[in-house]
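This report concerns only the one structure given below.
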Amino acid sequence: MPHPQYEFANGTVNSCRRFHSIPSLQRAPCGPRTNVETYEGQRSANQPREVQKRTFGSAATHIQRNPAYSELNSDDVSYFRSILGDGVVEDEDRIAVANVDWMGKYKGASQLLLLPKSTIEVSKILSYCNTRRLAVVPQGGNTGLVGGSVPVYDEVIVSLAGMDKIISFDKVNGILTCEAGCVLENLSTFVENEGFIMPLDLGAKGSCHIGGNISTNAGGLRFIRYGSLHGNVLGLEVVLADGTILDMLTTLRKDNTGYDLKHLFIGSEGSLGVVTKISVLTPAKLPSTNVAFLSCNDYTSCQKLLLAARRNLGEILSAFEFMDHHCIDLAMRHLEGVQNPLPASQYKFYVLIETTGSDESYDKTKLESFLLRSMEDGLVADGVIAQDISQASNFWRIREGISEASVKVGAVYKYDLSIPVEKLYDIVEKMRCRLGDNAEVLGYGHLGDGNLHLNILSSKYDDNTLAQIEPFVYEWTSAQRGSISAEHGLGLMKAEKIHYSKSPEAVQLMASIKKLMDPNSILNPYKVLPQSVL
């Protein structure tokens with residue numbers, strides 16, 4: 001069947017407007033369990049499993065409130081009003097929103113929301129909280145997935161939403177300097193109007209803050225082209241736990257004087273300091289963008305297609321995303337306005353490829369030649385290239401909307417794993433074997449980065465389901481020398497699981513740094529590191 005809305009721009013594939021169609025292969029039946037799969041069974045049958053009652057997504061050991069923290073009183077509120085005025089929020093409805101993450105999985109009991117509008121105000125807040133030993137949770141757009149941006153107990157919430165100014169933009173070098181509360185999508189619009197783009201792009205770009213992106217070292221859809229924020233952030237301004245303002249807001253591309261301290265704060269999830277200002281390098285916006293939506297019959301073909309794309313598309317390859325057919329089915333059921341680009345048949349895997357370059361005719365021809373060759377080699381079963389912005393947006397809406405669609409089912413257990421590409425999909429198959437008909441298991445993510453988003457959908461959160469998932473998912477990932485957090489961070493959900501990815505020596509060194517920089521441990525407590533090392 002033709003796809004009337006999609007075709008090659010130059011007509012090189014005649015009137016048949018699709019590449020090819022090969023019957024999809026059936027998934028192999030579940031095989032015997034490996035030694036890795038038996039780890040969970042080796043736990044003592046008498047060992048109790050406590051579930052953190054406020055975190056329905058991880059079998060974290062219940063964390064007691066640290067008795068060393070003070071409790072908020074009226075004098076504290078009066079002080080904050082003296083420096084913030086109407087930036088002190090005690091309204092129960094507004095605080096209730098800030099107390100809960102966007103999925104409704106993590107819920108705190110804070111009684112106070114502070115909205116500073118300057119670095120000086122943040123400094124005064126932290127200095128006072130450190131003296132009083134009031135615990136603080138920094139909050140940006142609250143779009144995280146691991147409970148890192150909401151209170152666990154009664155921590156004071158410090159929202160950076162009021163610090164949303166663009167300070168400067170260097171139009172020659174493409175260097176943006178802004179405050180931490182700027183929404184990523186607003187920054188993207190600003191720099192695109194100047195002929196540049198942000199080096200990261202996320203599905204949550206409409207609500208996430210750049211400060212939060214940096215604090216979690218967010219990866220996203222452009223990582224394969226532009227790398228991590230460690231390579232794109234040039235400078236930071238950070239307020240330390242005692243209120244000290246650490247000015248590292250350089251815009252220099254090269255600076256080899258001493259330790260590059262900004263890297264301590266990129267990915268530290270607000271546990272070492274509160275990021276207030278950022279300078280970031282933005283790449284030039286290239287005039288030619290092409291997006292293809294392809295299908296593959298097996299995961300091996302996806303891997304080979306990635307290698308072929310790196311070799312043949314080279315400098316113009318800007319995204320390589322993969323999804324299994326469960327993701328496509330979910331998106332079609334729960335996302336409004338999307339259309340299946342390949343409706344004629346169901347395939348096991350789908351790949352979205354984006355290229356960006358400076359020569360539209362050359363780039364398009366290069367992509368079309370690559371896809372035709374991939375079809376002839378049997379790597380691609382079917383596929384289409386977007387012919388306009390609307391079609392390209394539809395392709396991206398499917399990929400970016402999977403996370404949104406998943407929460408509409410009911411309960412969703414989300415895992416963000418970094419695994420060697422050749423083994424990346426194995427955990428999806430193993431989890432389907434473990435869970436059977438009790439849950440729907442989805443696998444998708446940034447294949448070019450070796451980053452799998454493992455989503456497990458169920459009608460409700462259930463301890464028995466969770467016990468089938470954890471700790472197996474962490475043990476298996478560790479056995480592959482992978483990471484239990486590729487880009488989402490550790491937050492509360494995985495703070496006690498860090499040992500699956502980091503050695504005891506590394507964790508102890510992190511704890512030493514935390515104790516040095518935040519001796520009263522007021523910044524984002526109970527997150528990132530196990531309580532036992534602090």
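Worth a mention:
- Share of carbon and sulfur in the accessible heavy-atom surface of the chain [1.4 Å probe, %]: 49
- Centroid-to-centroid separation of region 342-388 and region 193-222 [C-alpha atoms, Å]: 26
- 1.4 Å probe accessible area per residue over region 428-478, in Å²: 29
- Rounded, prolate or oblate (a/c below 1.5 giving rounded, otherwise prolate when a/b exceeds b/c) for the chain by Cα gyration tensor: oblate
- The slack between Glu315 and Thr365, meaning 0.36 nm per residue of separation minus the straight C-alpha distance, is 16.6 nm.
- Placing dummy labels 7 Å off each Cα toward the beta-carbon, the span from Ile389 to Ala506 is 4.3 nm.
- Solvent exposure ordering (accessible area, 1.4 Å, most first) of Thr355, Thr289: Thr289, Thr355
- What the Cβ-Cβ distance of His263 and Val77 gives, at R0 = 41 Å and to the nearest 0.05, is a FRET efficiency of 0.70.
- Sorting Arg373, Arg65, Arg333 by accessible area puts them as Arg333, Arg373, Arg65; the probe is 1.4 Å, largest comes first, and only protein heavy atoms count.
- For region 49-188, the solvent-accessible area works out to 43 Å² per residue, with a probe of 1.4 Å and every protein chain left in place.
- FRET efficiency, Glu192 to Asp255 (Cβ-Cβ, R0 35 Å, nearest 0.05): 0.80
- Applying 1/(1 + (r/R0)^6) with R0 = 22 Å to the Cβ-Cβ distance of His499 and Asn66 gives a FRET efficiency near 0.55.
- Using a probe of 1.4 Å on the protein chains alone, the accessible area found for Cys433 is around 50 Å².
- Going by accessible surface with a 1.4 Å probe and the largest first, Asp437, Asp75 read Asp437, Asp75.
- Helix 299-312 vs. the chain, principal-axis angle (Cα, 0 to 90°, nearest 10): 90
- The chain - mean residue ellipticity at 222 nm from DSSP helices (-39,500 (n - 2.57) per run, n ≥ 4, rounded to 500): -8500 deg cm²/dmol
- Straight-line cross-link reach from Lys497 at under 23 Å between alpha-carbon atoms covers these lysines, not counting any fewer than eight positions away in the same chain: Lys53, Lys105, Lys107, Lys414, Lys423, Lys430, Lys514, Lys515, Lys527.
- Within the full protein context, the accessible area of Met375 is estimated at about 40 Å² for a probe radius of 1.4 Å.
- Cα convex hull of region 269-373 - mean projected area over all directions, nm²: 10.5
The values are calculated or read from the model by the stated rules, or taken from the named source; none is laboratory data. Everything numeric here is computed off the predicted structure, so don't read it as measured data. So basically every Cβ, Gly included, is an ideal-geometry build from the backbone, and we count neighbours across all protein chains shown. The protein model used for the area step is the full one, side chains on, heavy atoms only, and it has no ligands, DNA or RNA in it. Shrake-Rupley method; radii C 1.70, N 1.55, O 1.52, S 1.80 Å.
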